[in-house]
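J.: Shown below is the structure under consideration.
The values are calculated or read from the model by the stated rules, or taken from the named source; none is laboratory data. Please read all numbers here as calculations on a predicted model, not as lab measurements. Ideal geometry is used to build each Cβ from the backbone, glycine not excepted, and the neighbour counts take in all protein chains shown. All accessible areas refer to the heavy atoms of the entire protein, side chains included, with ligands and DNA or RNA removed. Shrake-Rupley method; radii C 1.70, N 1.55, O 1.52, S 1.80 Å.
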Amino acid sequence: MVDIPKNKKVILFDGVCNLCNNSVTKAIKYDKKNTFLFAAIQSKSGKEIINYLNIDTTKIDSIILYEPGVSYDVKSTAALKIMNDFNGCWKLTKLLWVFPETFRNVVYDYIAKNRYKWFGQKESCMIPTPELKAKFLD
């Protein structure tokens, strides 16, 4: 299993999805507390974590938030927990918790199902710049 520092949370994302890659770039920008590490679902580390958590990627293939030794969250819950960790206007996303998870996930699944059509996809996973390499597991 991948060695993850105890004070870090891992965001697993679809490495070929343009929407997901843009979201990772935004998460890095707003992660002022340096809380998150990143791994593409398709990467070696991503696959190790997914296998360890026994997640079926045919059902969940876009975002997973893993907090080692604590829990993991998927879909809208993962996205909200990530955004809630940011400061500023991102704190307003706490209001979205009033919606039931099933409703939030219907909206999330609709966007996830259409993400390649709307935003496109890459031929291969994102390669982080040398400055950002420390934020990625591999």
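J.: Look at region 12-59 and say how many of its residues are among the aliphatic types (A, V, I, L, M), touching a helix residue (DSSP H, G or I) at 6+ places or on another chain (Cβ under 7 Å) and farther than 17 Å from THR129 by Cα.
T.: 3
Conditions tested, residue by residue: (1) hydroxyl-bearing (Ser, Thr, Tyr); (2) at pLDDT 95 or above; (3) on the phi > 0 side of the Ramachandran plot.
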residue	(1), (2), (3)
PHE36	no, yes, no
TYR66	yes, yes, no
LEU92	no, no, no
PRO100	no, yes, no
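J.: Out of the residues in region 103-119 that are hydrophobic (A, V, I, L, M, F, W, C) and within 19 Å of GLY15 (Cα to Cα), which is least open to solvent (accessible area, probe 1.4 Å)?
T.: Taking the candidates together, the pick is ALA112.
J.: Can you find, within region 83-102, the residue that is nearest to ASN21 (Cα to Cα) among those that are open to solvent by 30 Å² or more (accessible area, probe 1.4 Å), assigned to a helix (DSSP H, G or I) and not aliphatic (A, V, I, L, M)?
T.: Applying the filter and picking the extreme gives TRP90.
J.: Follow-up question, since we're still on this one. Which residue pairs have Cβ atoms under 6 Å apart, sit 6 or more places apart or on different chains, and have a first residue in region 110-132 that is among the basic types (Lys, Arg) and a second that is at pLDDT 80 or above?
T.: Pairs found: ARG115/CYS17; ARG115/LEU19; LYS122/VAL16.
J.: Show me the strands (runs of 3 or more DSSP E) found entirely inside region 1-82 where at least 1 residues are buried (at least 17 other Cβ atoms within 10 Å of the Cβ) and without any contact (Cβ under 8 Å) to a residue 24 or more places away in the chain.
T.: Ranges flagged: 71-74.
J.: Here is a further query. Give the residues of region 114-138 that are assigned to a helix (DSSP H, G or I) and under 20 Å from LEU65 (Cβ atoms), sorted by residue number.
T.: Residues satisfying the conditions are ARG115, ALA134, LYS135.
J.: OK, next. Over 22 Å from THR129 (Cα atoms), in contact with a Phe, Trp or Tyr (Cβ under 7 Å, 6 or more places away or on another chain) and of a type in the set (Lys, Arg): which single residue out of LYS94, LYS75, LYS9 fits that description?
T.: Just one listed residue meets the conditions, LYS75.
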